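Reading through the structure tokens given below for one structure.
The values are calculated or read from the model by the stated rules, or taken from the named source; none is laboratory data. Computed from a prediction, not measured in an experiment: that's the story for all the values here. Cβ placement follows ideal geometry from the backbone for every residue including glycine, while neighbour counts extend to all protein chains displayed. Areas reflect the complete protein model, heavy atoms only, side chains present, ligands, DNA and RNA absent. Shrake-Rupley method; radii C 1.70, N 1.55, O 1.52, S 1.80 Å.
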Amino acid sequence: MTSEQALPINEVLEECLQALRATGQFVLSAPPGAGKTTGVPLALRRAFPEQGRILLLQPRRMAARAVAARLSRLLGSSVGDRVGYQIRLDRNWGDQSEIVVMTYGVVLRRMQSDPFLEPFGTVLLDEFHERSLEADLTLGMLHRVRTQLRPNLQLGVMSATLDAGPVAQFLGDAPVVESLGRMHPVKILYAERLGKERLEEQVPSILPRVLAATEGHILVFLPGVGEIHRVAKQLSGMPGLESIDVMALYGDLAPEKQDQVLAETARRKVILATNVAETSITIPGVTGVIDSGQARVMRMHPTVGLPRLDLEPISQASADQRAGRAGRTSPGVCYRLWLHASHRARAEFDTPEIMRGDLSSAVLQLAGWGEHQPLQFPWLTPPTPDAIEGAQKLLGQLGGLEDGQITPLGRLMLRVPAHPRLARLLVSAKHRGVGRLGAVCAAILSERDPFIDATPGKISAGDMQLMGLSAANMVDRVERMERWLNGDDDDAIARGAGEIVRRAAEQFEQSLKNIASSHDESEQDCGPASLERASLVSVNDTHLSRALLDAFPDRLARQRQPGSDRGLMVGGQGVRLKELASVRGKELFLCLEVMQKGRDADVRLAVPIESEWLVGTGLRDCEECFYNPSQKRVVGRKRRYWYDLVLAETPTEVVDRALSAEILWREVSAQWDRVQPLDNRELNQFTARLKCLAEWMPDEEFPAWGEAESKAIAKELCANTVSIEGVKNGPWLDYVKGAVGYECVRKMDQFAPERLRVPSGNELTIEYAVGQPPSLSVRLQEVFGWQETPRIAKGRQPLLLRLLAPNYREVQVTQDLASFWRGTYNDVRKELKRRYPKHHWPEDPLAASATRSGLGRDAD
């Protein structure tokens with residue numbers, strides 16, 4: 001075993017201590033194998049005995065237990081004495097413990113009841129480079145405690161691959177300490193070609209080469225448990241491995257099996273591990289690493305509304321961490337299963353979880369801690385306002401927040417170490433008397449789907465029917481899973497995934513014991529709280545379905561039509577049921593898992609819901625009006641809503657006229673080209689007269705008129721009608737006259753009359769057009785005796801006379817009538833007399849009398 005004195009971190013320990021003495025904090029960057037996780041807390045214990053207990057934070061449960069065990073060995077004590085640990089559902093430390101190792105999640109929950117961490121004088125945040133949301137939240141909370149309430153609290157941030165500058169700046173220019181010494185050198189080798197083989201084929205092919213290159217244990221980094229099992233199966237019986245133990249290492253592995261992997265042994269080991277072995281854990285004797293270059297990263301999945309693990313390439317920093325595992329006890333070698341040329345294309349550091357995950361857990365934690373303005377919280381990397389708003393909205397729907405304040409229900413949810421949705425599910429299930437089923441359901445939702453091999457497309461529909469599996473009904477899955485957990489055989493359940501669900505369900509069920517026996521009045525009718533195994537009867541189906549509704553209120557959907565496979569979900573998302581039988585003919589159903597495909601999303605998991613289960617703030621009745629595009633009018637409806645999902649509606653009269661006018665005006669504005677009354681001749685002539693006079697007689701100050709003024713009239717008309725046609729065909733002219741005023745209309749009639757009396761006695765309409773002279777169409781015989789062209793606008797504007805033949809066809813256009821009589825008239829007269837011999841065509845038009853019929857005075 002490597003002694004404490006041989007750790008490379010010793011070279012900078014004094015620098016860390018000086019930083020604490022001077023500022024009370026430091027940021028330490030030390031490469032893998034330097035020994036910071038054990039060396040720093042031991043040095044602080046010796047240097048600051050008066051400072052009190054040291055709290056060492058780790059990102060994973062396995063690491064916390066392993067670090068506590070290693071520190072205990074170095075101090076020659078048992079775990080739980082001088083060094084202890086606390087992880088989810090497992091505490092092993094007491095009053096005599098000088099160093100306590102905790103996970104970030106546990107310390108966050110502890111700070112709800114002990115916000116100042118009174119028992120601890122120093123807090124060390126280890127492996128901070130992973131930038132989990134819990135680690136970021138912990139750093140911000142500790143920074144606030146230290147700067148505002150406990151200035152004597154010592155703080156250290158440690159990592160092997162951390163960009164220390166931003167963290168140091170965040171802490172107020174904390175001293176940065178850097179350790180350059182690696183314990184032992186590690187040779188890095190890359191794949192010679194980009195293989196298309198699966199990992200279970202690549203690892204066995206490279207393993208003999210690694211075993212020959214080094215004499216120690218081999219650590220193989222794989223993305224997940226499924227890959228571990230498949231590689232282990234391939235290695236089983238492989239020649240050359242008879243004297244080598246092939247072992248698995250992952251977070252959900254039983255603690256006693258984890259201890260076996262970490263224990264020293266004379267036999268060589270090949271350890272197939274997830275990224276739990278990437279940091280903090282020391283496996284004595286590892287000198288070789290095979291790195292798949294992949295990991296499963298927690299990301300928020302809109303398909304289920306929960307965080308899920310996605311397979312992604314690791315960053316360069318994570319690759320360095322993994323390689324460092326081979327150099328902890330002696331020189332080592334690391335084989336990377338990707339090309340050297342592609343290494344630089346990988347991200348330099350891991351993306352902080354705050355930039356890719358769901359923030360509802362963090363916002364609930366902050367609310368429980370008394371922080372009601374999450375955006376004002378000291379974040380190392382501030383989240384976006386939209387992310388915070390989305391988290392607050394969800395927590396409000398779950399009942400955990402009200403007006404930004406945490407509710408009693410929210411405090412119960414905080415006591416369950418799970419995402420707020422799952423916490424709400426478990427709280428509701430317990431108080432409805434189906435805690436066991438709720439725990440199984442939460443496990444299925446949060447872990448690998450045990451029915452993954454029985455979903456549509458994986459096996460035939462006939463086989464599914466033989467199995468009796470309604471693949472899309474969540475309650476059916478929970479019941480079948482429960483029977484399998486009780487010992488029943490079920491070919492539809494994958495055993496490996498089923499065991500993971502079993503462990504998760506047991507942890508969830510254990511966490512329910514932390515929940516108080518009662519909470520808000522809205523659920524006092526849910527039945528007695530009980531952790532007893534529920535009998536699988538319909539009443540429990542109902543209670544479980546209602547608990548799921550409590551946890552996924554924003555996933556309710558309604559069938560578009562009875563028996564249809566199409567529906568609409570809260571938020572306006574269209575959905576399509578993959579399996580109609582899953583909702584058992586119910587109009588309402590929960591969409592627990594959806595997959596976006598085109599406009600409508602496929603529902604992979606559903607739960608039928610009864611309308612009478614819908615209670616609380618999400619349900620509301622209202623009378624409202626809206627624009628109906630098919631009727632082209634505003635209509636009234638009495639509607640029942642679940643959030644923004646319409647559950648039922650009946651026609652009603654439009655009561656709120658102001659709202660109706662506002663809605664109609666929005667549609668009129670959007671369809672203005674179709675709504676404006678372009679075919680209203682009287683209106684168009686009136687506005688043309690107004691515009692012409694404004695141009696001809698600027699001194700009279702006629703009001704301007706344009707599209708803005710026309711739209712103002714349209715907006716007024718919306719108050720007296722509910723339809724587009726009502727606006728278009730409304731009394732526009734009356735409104736326009738009212739808008740310009742009586743005096744303006746009087747002057748318009750004076751200076752630009754609508755009609756003009758001609759010598760025949762007829763009153764004819766004058767045509768007005770902006771930018772053109774006013775015109776009068778009149779038969780030639782009706783203007784005999786008119787010597788000059790008539791003028792309007794105080795004589796400033798002559799009319800354009802359109803002189804017509806008896807058949808009303810235009811024969812002459814002029815603005816100079818006197819000139820026409822003197823010249824062109826004789827030619828026109830000859831032609832018209834030939835064509836219309838019975839009509840009166842005098843040689844002297846100025847001396848002749850005008851007639852209406854054109855047949856002469858006697859004919860009239």
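Computed quantities for the displayed model
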item: All positions within the stretch 19-49 that are over 17 Å from V83 (Cα atoms) and free of Cβ contacts under 8 Å to residues at least 12 places away in the same chain; result: R21
item: Odd one out for R60, checked against (1) buried (at least 23 other Cβ atoms within 10 Å of the Cβ); (2) modelled with pLDDT of 90 or more; (3) under 25 Å from G140 (Cα atoms); result: (2)
item: Among (1) farther than 18 Å from R657 by Cβ; (2) out of contact with any helix residue (DSSP H, G or I) (no Cβ under 6 Å at 6 or more places or on another chain); (3) in contact (Cβ under 8 Å) with a residue 24 or more places away in the chain, the one test that S723 misses; result: (1)
item: Within the stretch 161-186, considering residues that are open to solvent by less than 80 Å² (accessible area, probe 1.4 Å) and of a type in the set (S, T, N, Q), the one modelled with the lowest pLDDT; result: T161
item: Given (1) at pLDDT 90 or above; (2) open to solvent by 10 Å² or more (accessible area, probe 1.4 Å), index of the condition A68 fails; result: (2)
item: Residues satisfying the stated conditions in the stretch 485-504, i.e. among the small types (G, A, S) and out of contact with any Asp or Glu (no Cβ under 9 Å at 6 or more places or on another chain); result: G487, G496
item: Residue tally, condition at pLDDT 85 or above and open to solvent by 10 Å² or more (accessible area, probe 1.4 Å), over the stretch 315-331; result: 3
item: Number of the exception - Q787 against (1) touching a helix residue (DSSP H, G or I) at 6+ places or on another chain (Cβ under 7 Å); (2) over 30 Å from L855 (Cβ atoms); (3) loosely packed, with under 14 Cβ neighbours inside 10 Å; result: (2)
item: Which listed residue, of A19, A34, A68, A43, is among the aliphatic types (A, V, I, L, M) and in a loop (DSSP other than H, G, I, E, B); result: A34
item: Pair list, Cβ < 7 Å and 6+ apart or interchain, from the stretch 834-860 residues that are more than 18 Å from N762 (Cα to Cα) to residues that are at pLDDT 90 or above and aliphatic (A, V, I, L, M); result: W841/L832; P842/A848
item: Odd one out for N680 among (1) modelled with pLDDT of 95 or more; (2) over 30 Å from L846 (Cα atoms); (3) not basic (K, R); result: (1)
item: Residue match in the stretch 245-254 (condition: under 16 Å from R65 (Cβ atoms), part of a helix (DSSP H, G or I), at pLDDT below 90 and open to solvent by less than 30 Å² (accessible area, probe 1.4 Å)); result: no
item: Residue count for the stretch 359-412, restricted to those that are among the aliphatic types (A, V, I, L, M), assigned to a helix (DSSP H, G or I) and open to solvent by less than 20 Å² (accessible area, probe 1.4 Å); result: 12
item: Residue in the stretch 82-103 that is crowded, with 20+ Cβ neighbours inside 10 Å and touching a residue at least 60 places away in the same chain (Cβ under 8 Å) present; result: no
item: Conditions (1) farther than 25 Å from L855 by Cα; (2) at pLDDT 95 or above: number failed by G771; result: (2)
item: Residue match in the stretch 134-157 (condition: crowded, with 21+ Cβ neighbours inside 10 Å, closer than 16 Å to L57 by Cα, among the hydroxyl-bearing types (S, T, Y) and at pLDDT 90 or above); result: yes
item: Strands (runs of 3 or more DSSP E) completely within the stretch 585-644 that count 3 or more residues being basic (K, R), surrounded by fewer than 21 Cβ atoms within 10 Å (Cβ to Cβ) and at negative phi; result: 633-642
item: Per-region count, the stretch 607-628, residues closer than 25 Å to N540 by Cα and either within 21 Å of the chain's Cα centre (by Cα) or acidic (D, E) (or both); result: 3
item: Strands (runs of 3 or more DSSP E) completely within the stretch 727-814 that count 3 or more residues being under 30 Å from K830 (Cα atoms); result: 763-767, 775-779, 800-804, 810-814
